[in-house]
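These notes are about the structure you will find just below.
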Amino acid sequence: MPMRILSVVGARPQFVKLAPIARAMSGRAEHLIVHTGQHYDALLSDVFFRDLGIPTPDYNLAVGSGSHGHQTAAMLSGLEDVLDSVRPDWVLVYGDTNSTLAAGLAAVKLHLPLAHLEAGLRSFNRRMPEEHNRVLTDHAADLLLAPTEVAMKHLADEGLAERSLLVGDVMTDVLYTVRDELLARPRPLPAGAVPGEFYVCTIHRPDNTDDPQRLASIVASLASLPKPVLLLAHPRLRELAARHGVALDQGAIRVLEPLAYPELVNAVLHSAGVVTDSGGLQKEAFLLRTLCTTIRPETEWTETVDLGWNQLVGQDLGTLAAAVRRPRPADDGAAPYGDGQAAGRVVAALLERG
Ligand code: UD1
């Protein structure tokens with residue numbers, strides 16, 4: 001009998017990570033997918049399944065939005081029913097969202113083996129909901145699949161070395177595939193964007209959106225940048241900007257919908273730089289050797305900073321304009337995120353240990 005592995009996803013970055021895993025599972029295991037419904041807008045969910053060739057989820061819990069407690073509780077309760085009826089050999093959870101934490105808890109309470117993909121990342125910022133989600137999930141899991149040496153060290157520091165395995169970063173797998181497709185078959189940029197003459201920008205972290213003054217300062221800094229800023233507005237940003245009375249379409253800013261994954265990679269590839277508070281986008285910029293400026297006091301992806309491709313701008317937004325204009329570092333070909341073959345190692349690790 002093939003091993004039965006159940007992946008639980010719910011939010012945009014998890015769909016990207018699921019894509020190479022689903023492909024690597026094909027023909028090797030019975031792979032079932034649960035979508036919690038944390039993200040439900042087509043632009044945050046359906047387009048990723050379509051563009052990245054991910055099978056339609058076997059279960060969709062449709063939990064939708066809510067406070068952390070309500071959302072996580074709804075997922076926990078729905079997942080318990082699914083996990084109990086499926087009884088998989090492994091529950092595989094991804095990253096650091098509320099969907100990750102809920103699935104991790106549901107699995108261990110049912111004594112189902114739990115594997116955490118993208119284990120060991122730490123921001124050491126306890127204000128971030130993701131930091132709690134990742135620490136709690138790592139300590140609950142039976143198998144910790146780490147993307148980097150730095151993540152392995154964090155796990156060892158927390159006494160988790162024996163359960164940890166370095167597999168590389170699965171987002172690198174999918175990014176390289178999509179980049180190569182784009183190089184073979186170029187796509188148009190968003191209307192009006194001139195290659196090399198715009199910044200790609202995303203802002204959605206609570207620490208940047210929830211305080212009206214902080215959000216207004218970030219928007220004012222973006223508005224004064226020297227090239228057009230394509231602001232790919234997450235619904236959370238739009239909602240909070242409207243609530244705080246902060247107009248987003250000021251100065252250099254052009255407000256666009258979130259882009260589908262291939263369009264995003266294409267835009268980053270041809271941009272003058274990225275300005276973001278997303279985790280995944282910092283790494284994608286690095287892998288595409290595009291300068292990134294991160295509007296956060298710290299990052300989990302410290303290699304991007306150490307290698308000179310990412311610069312952090314925390315409280316002092318006055319430094320943003322100089323940061324986006326800094327020169328590119330020399331490219332020494334460093335590959336801290338692996339070789340683009342991580343998903344195969346993940347599946348092999350699960351099959352060996354089942
Ligand atoms: C979540 C993750 C975050 C990840 C991000 C990627 C948590 C705690 N946060 O943040 O780690 O970086 O996804 O995008 O799990 N909304 C919609 N449509 C949707 C989904 C959300 O309009 O399809 C709006 C709702 O107003 C909702 C808000 O966005 O309240 C926030 O959504 P939520 O899933 O709670 O968190 P994100 O900010 O998306």
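The values are calculated or read from the model by the stated rules, or taken from the named source; none is laboratory data. What you are looking at is a predicted structure, and each value in this text was computed from that prediction instead of being measured. We place every Cβ from the backbone using ideal geometry, glycine too, and count neighbours over all the protein chains shown. For the accessible areas, the whole protein counts, side chains as well, though only heavy atoms, and no ligand, DNA or RNA atoms are used. Shrake-Rupley method; radii C 1.70, N 1.55, O 1.52, S 1.80 Å.
What's the ranking of 165-175, 59-69 by average number of surrounding C-beta atoms within 10 Å, highest first? Spell out each step's value before the answer.
On the way: 165-175: 23.7, 59-69: 14.9.
So the peptides 165-175, 59-69, ranked by packing, come out 165-175, 59-69.
Counting heavy atoms of the protein chains only and a 1.4 Å probe, report the per residue accessible area for the range 92-140 as a whole number of Å². It would help to have the intermediate numbers written out before the result.
Values: 1600 Å² over 49 residues.
Result: 33 Å² per residue.
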Checklist entry - Residue farthest toward the positive end of the dipole of the chain, with Cβ of Lys/Arg at +1 and Asp/Glu at -1: which of Q213, M75, G37? => result Q213
Next on the checklist: Suppose all protein chains stay in the model; what accessible area per residue would a 1.4 Å probe give for the range 178-324, in Å²?
Outcome noted: 38 Å²
Checklist entry - For the chain, with the dipole built from +1 on Lys and Arg beta-carbon atoms and -1 on Asp and Glu ones, taken about the Cα centre, which of M25, N125, A285 lies farthest toward the positive end? => result A285
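Compare the peptides 125-134, 293-302 by average per-residue count of other Cβ atoms within 10 angstrom and give them in order, highest first. Intermediate values should be presented prior to the final figure.
Working: 125-134: 17.0, 293-302: 21.2.
Peptide ranking by packing, descending: 293-302, 125-134.
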Next on the checklist: Using the Karplus curve 6.51 cos²θ - 1.76 cosθ + 1.60 with θ = phi - 60°, what ³J(HN,Hα) values do you get for each residue of the range 158-175, in whole Hz, with x for Gly and Pro?
Outcome noted: 9, x, 10, 4, 5, 9, 9, 9, 7, 10, x, 9, 6, 5, 5, 3, 6, 4
Next on the checklist: From the phi angles alone, apply the Karplus equation (6.51, -1.76, 1.60; θ = phi - 60°) to the range 275-284 and give each ³J(HN,Hα) in whole Hz, x where the residue is Gly or Pro.
Outcome noted: 10, 7, 10, 7, x, x, 5, 4, 6, 4
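Specify whether the C-alpha gyration tensor of the chain places it in the rounded, prolate or oblate class, a ≥ b ≥ c being the square roots of the eigenvalues: rounded for a/c under 1.5, otherwise prolate if a/b is larger than b/c and oblate if not. Walk me through the numbers on the way to the answer.
Values: a/c = 1.65, a/b = 1.50, b/c = 1.10.
Prolate, because a/c is 1.5 or more and a/b exceeds b/c.
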Item to check | Added length on full extension, which subtracts the Cα-Cα distance from 0.36 nm per residue, F124 to E149 | outcome: 7.3 nm
Checklist entry - Counting only residues 5 or more places away or on other chains, whose amide H sits under 5 Å from the amide H of S224 once H atoms are built in the peptide plane? => result A252
Item to check | Relative packing of peptides 307-319, 264-276, 212-224, 24-36 - highest average C-beta neighbours within 10 Å first | outcome: 264-276, 24-36, 212-224, 307-319
Checklist entry - Using the beta-carbon distance between A322 and T177 and R0 = 35 Å, what value does 1/(1 + (r/R0)^6) give for FRET efficiency, to the nearest 0.05? => result 0.50
Item to check | Label point at D210 placed 7 Å out along Cα→Cβ; residues across the range 230-258 whose backbone nitrogen lies under 16 Å | outcome: 236-241, 243-244
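In the chain, carbon and sulfur make up what percent of the accessible area (probe 1.4 Å)?
On the way: 7600 of 14380 Å².
On the chain, the fraction of accessible area on carbon and sulfur atoms equals 53 percent.
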Item to check | Amide H within-cut-off set for G64, under 5 Å, with H built and near neighbours excluded | outcome: Q38
Next on the checklist: Show me, for the range 138-145, the HN-Hα J-couplings you get by feeding each phi into the Karplus relation (A = 6.51, B = -1.76, C = 1.60, θ = phi - 60°), rounded to Hz, glycine and proline as x.
Outcome noted: 4, 6, 7, 7, 8, 9, 10, 9
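Rounded to the nearest 500 deg cm²/dmol, what is the calculated helix-only ellipticity per residue at 222 nm for the chain, with -39500 (n - 2.57) per DSSP H run of length n ≥ 4?
Working: 15 runs with 153 residues, N = 354.
One gets -13000 deg cm²/dmol as the mean residue ellipticity at 222 nm.
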Checklist entry - Can you list residues whose amide H is under 5 Å from L166's amide H, if they're 5+ apart or on another chain and H is modeled 1.01 Å from N? => result A146
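Can you check what the net charge comes to around L43, using other residues whose Cβ is under 14 Å from the Cβ of L43 (Lys, Arg +1; Asp, Glu -1)?
On the way: positive: R12, R50, R236, R238; negative: D41, D46, D51, E257, E263.
Every neighbour counted, the sum reads -1.
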Checklist entry - Once the Cα atoms of helix 342-353 and of the chain are each reduced to a long axis, what angle between those two axes, in degrees from 0 to 90 to the nearest 10, is obtained? => result 20 degrees
Item to check | Label-point separation, E30 to E158 (7 Å along Cα→Cβ), nm | outcome: 3.2 nm
